[in-house]
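First up is the structure itself, then whatever we jot down about it.
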Amino acid sequence: MPCAVPKPNRKNKELIIKESIQLNQQNLHLLPGNIARPAYDRSHLTAQIVHIGVGGFHRSHLACYTDELMGKTDLTDWGICGVGLREADRRIGDILGKQDCLYTLMVKHPGGRIEARVIGSLVNFLLGCDNPAAVINRMADAATKIVSLTITEGGYNFNPATGEFDFTHPDVGHDLANPDSPRLVFGYLTAALKRRRAAGLPAFTVQSCDNLQHNGDMTRRMLLAFAHRQDAGLAQWIQREASFPNAMVDRITPVTTPADISYLDTELGLKDEWPVTCEPFIQWVIEDNFAAGRPAWESVGVQFAPDVTPYEKMKIRLLNAGHSVLGLLGSMHGHETIAGCMADPLFATYLRRFMDIEVTPVLDAVDGINLETYKDSLVERFGNPSLKDNLARICSESSAKLPKFLLPTIQENLQQGGSITYAALVIAAWCFYSDRGAGRDGRPLAIVDVMKTELHQAAAATCTDKLSFLKLQPVFGNLVRNRIFTASYVRMIDALYENPDISRLMQAILSAGK
Ligand code: CS2
């Protein structure tokens, strides 16, 4: 459903509209003065970036940086063509279609101020499941320089047990048999790169924007494995010609609520069916390795670094893992948001101790960053009471998140004799939560996870085998073989199943650590 940007029409300029305004290109000049709008002519933009996965995070991060950049100088033309691959992406496509690809970013400041800004960098949207050829054509087009991805931590089709691309996934079989109508991102990338090679065009950069350590290396490895099965020569060409910069991405972007949509409509006078809310903080550190050129993102605050490993590790192990700690323990307790947890001294102290005692010792020094200050800033960001970042968002897809965010910290601490207690309680709470589908007070907790059934089955067997949850190898690998970990875990499982009041156990851990 293409939604090419129409030329501006100023016919209705003199209308003073008291009612709220429908967001679209034609109405941009009618926006109330307190809503910022694109400071550039969108009608001439070319989509040089194709982005797969137009969720909240893409719209608060890459699209926002690019909008700001284009607002700086008229000579910059880095329009973005958004792509959704699945049926679930139809709704965002329909809404963007109605709104000429415009949307509002609502930046929520801790004091309650909401800064609203219409973002104009998206210029088109394509839905792969409706028209895979259109997506492949767009990616294969000479104008495309970068294909960026937010496909979630679970989207890389990596089998943690083997460390390799998972060829057993049914969609992979489909994509190998139907290279012109793929379902997965790797099928699309391969088809487009194959076309470019045949046409004598240069390869593009594949820019991962997901929270995985070495996200560029992972993307390259997974793509090459898939492409190699189709055409070994093509895989070699991709390896030589395409680039995959590693990157650390950061901006907390809660799920948009009906209250956000109605606030924008009634308080700010703008009708937008799917605005995005986020915190004021934003960060992106990228390795400067772009096969076909890139926007001058550094002029809007993006950092380019020769090696982003220490930045990624610091962010994922502190921020993302910190979120999971609060998400799982907080849900058990009955908290609803990250800020709600942070307002509870027990949770705020537990988080900080987890960061200090279990994460900091396994981190490497990061150039120009003082870890204590970084942790203080996380505490402040998490505490932003305006943000209302729901724990359900944090706990969703924990089976893909924890192996990246938390388990490596446990493994490294086990190797170097460090503490694992704070993290072990989180795993035990996750088991209880997956078993009962409820927290300490029996209130149901919805589990949103592709592995929901497996998680539940493994957790439910805890009554006969206390280690059954840990035996879920695709999630925990060989953690179950570590006696130090299992001893601590079993103690917590015993205590939790006897009395699921998580605060009692958190308190005991904090007291023991004094
Ligand atoms: C969160 C992230 O999904 C999660 O569990 O930790 O979405 C987090 O908000 C972002 O990575 C912040 O940059």
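The values are calculated or read from the model by the stated rules, or taken from the named source; none is laboratory data. This is a predicted model, so every value here is computed, not measured. Reconstructed Cβ throughout: ideal geometry from the backbone, glycine too, with neighbour counts over all protein chains shown. The accessibility values were calculated without ligands, DNA or RNA, using every heavy atom of the protein model including side chains. Shrake-Rupley method; radii C 1.70, N 1.55, O 1.52, S 1.80 Å.
Lys72 accessible area, nearest 10 Å², 1.4 Å probe?
Roughly 130 Å² of Lys72 is accessible to a 1.4 Å probe.
Do the alpha carbons of any pairs in Lys315/Lys401; Lys72/Lys388; Lys315/Lys452; Lys375/Lys471; Lys145/Lys194; Lys401/Lys471 sit beyond 22 Å of each other, and which pairs? If you can, show how the numbers build up before the last one.
Working: Lys315/Lys401 13 Å; Lys72/Lys388 32 Å; Lys315/Lys452 27 Å; Lys375/Lys471 33 Å; Lys145/Lys194 15 Å; Lys401/Lys471 17 Å.
From Lys315/Lys401; Lys72/Lys388; Lys315/Lys452; Lys375/Lys471; Lys145/Lys194; Lys401/Lys471, over 22 Å: Lys72/Lys388; Lys315/Lys452; Lys375/Lys471.
Tell me the angle of helix 62-72 to the major Cα principal axis of the chain, expressed in degrees between 0 and 90 and rounded to the nearest ten.
40
How much net charge surrounds Trp297 when only the other residues with a Cβ under 12 Å from the Cβ of Trp297 are counted, with Lys and Arg +1 and Asp and Glu -1? Walk me through the intermediate numbers first.
On the way: positive: Lys72, Arg294; negative: Asp67, Glu68, Asp288, Glu298.
Neighbour charge sum, excluding Trp297 itself: -2.
Helix 321-333: angle to the longest alpha-carbon principal axis of the chain, degrees 0 to 90, nearest 10?
Here the helix axis deviates by roughly 60 degrees.
Counting Lys and Arg as +1 and Asp and Glu as -1, what is the net charge of the other residues whose Cβ lies under 10 Å from the Cβ of Cys64? Walk me through the intermediate numbers first.
Values: positive: Arg59, Arg117, Arg251; negative: Asp67, Glu68.
Net of charged neighbours comes to +1.
With a 1.4 Å probe and every protein chain left in place, tell me how much accessible area Glu298 has, in Å² to the nearest 10.
Roughly 90 Å² of Glu298 is accessible to a 1.4 Å probe.
If I compute solvent accessible area with a 1.4 Å probe over the protein chains, what percent of it on the chain is carbon and sulfur?
On the way: 10630 of 20620 Å².
After summing per-atom areas, the C and S share lands at 52 percent.
Sort the stretch 414-514 into rounded, prolate or oblate with this rule: let a ≥ b ≥ c be the square roots of the eigenvalues of the Cα gyration tensor; rounded if a/c is under 1.5, and if a/c is not under 1.5, prolate when a/b is larger than b/c, oblate otherwise.
Values: a/c = 1.89, a/b = 1.15, b/c = 1.65.
Here the stretch 414-514 falls in the oblate category.
Work out the length of the dipole vector of the stretch 67-118 about its Cα centre, built from +1 on the beta-carbon of each Lys and Arg and -1 on the beta-carbon of each Asp and Glu, and round it to the nearest 20 debye.
On the way: 8 positive and 9 negative charges, 62 e Å.
Its charge dipole is roughly 300 debye.
With the contact rule set at Cα under 8 Å and sequence spacing of 6 or more, what percent relative contact order holds for the stretch 77-158? Let's see the in-between values first.
On the way: 86 pairs, mean separation 26.1, N = 82.
Here the relative contact order equals 32 percent.
Evaluate the charge dipole of the chain about its Cα centre and quote only its size in Debye, nearest 20, assuming +1 on the Cβ of each Lys and Arg and -1 on the Cβ of each Asp and Glu.
Numbers: 52 positive and 56 negative charges, 62 e Å.
Here the size comes out at about 300 debye.
Using only alpha carbon pairs under 8 Å that are at least six residues apart, calculate the relative contact order of the chain and give it in whole percent.
Values: 932 pairs, mean separation 69.2, N = 514.
Once divided by the residue count of the chain, the mean separation gives 13 percent.
Tell me the mean residue ellipticity at 222 nm calculated for the chain from its helices only (DSSP H runs of n ≥ 4, each -39500 (n - 2.57), averaged over every residue, nearest 500). Kindly include the intermediate steps, with their values, before the conclusion.
Working: 22 runs with 215 residues, N = 514.
After summing the helix terms and dividing by residue count, I get -12000 deg cm²/dmol.
Once Rh for the chain is found with the Kirkwood sum over Cα pairs, what is the Stokes-Einstein diffusion coefficient at 25 °C and 0.890 mPa s, in µm²/s?
Using the Kirkwood radius from Cα pairs, D works out to 102 µm²/s.
Taking the Cα centre of the stretch 421-499 as origin, sum charge times position over the Cβ atoms of Lys and Arg (+1) and Asp and Glu (-1), and report the length of that vector in debye to the nearest 20.
Working: 9 positive and 7 negative charges, 32 e Å.
About 160 debye.
Express the accessible area of the chain per residue in Å², computed with a 1.4 Å probe while the remaining protein chains stay in the model. Show your work: numbers first, answer last.
Values: 20620 Å² over 514 residues.
It amounts to 40 Å² per residue over the chain.
Of His323, His174, which has the most accessible area and how do the rest follow, probe 1.4 Å?
Result of the area sort, largest leading: His174, His323.
Report the one residue of Cys64, Leu85, Gly200 whose Cα lies farthest in the direction of the positive end of the charge dipole of the stretch 21-304 (charges on C-beta: Lys and Arg +1, Asp and Glu -1; origin at the Cα centre).
Ranked along the dipole, the leading option is Gly200.
What number comes out for the charge environment of Leu264, summing +1 per Lys or Arg and -1 per Asp or Glu over other residues with Cβ under 9 Å away? Intermediate results must be reported in sequence, preceding the final value.
Working: positive: Lys271; negative: Asp260, Asp265, Glu267, Asp272.
Local net charge: -3.
Relative contact order, percent, of the stretch 282-390 when contacts are C-alpha pairs under 8 Å separated by at least 6 residues? Don't skip to the answer; put the middle values down first.
Numbers: 83 pairs, mean separation 30.6, N = 109.
So the answer I get is 28 percent.
Of Ser488, Gly112, Val255, which is farthest towards the positive pole of the chain's charge dipole, taken about the Cα centre with +1 and -1 on the beta-carbons of Lys, Arg and Asp, Glu respectively?
Val255
For Asp364, tell me the accessible area in Å² from a 1.4 Å probe, rounded to the nearest 10.
Asp364 exposes around 80 Å² with every protein chain in place.
By how many degrees, between 0 and 90 and to the nearest 10, does the Cα long axis of helix 185-198 differ from the longest principal axis of the chain?
Taking the Cα atoms of the chain, the angle to 185-198 is about 40 degrees.
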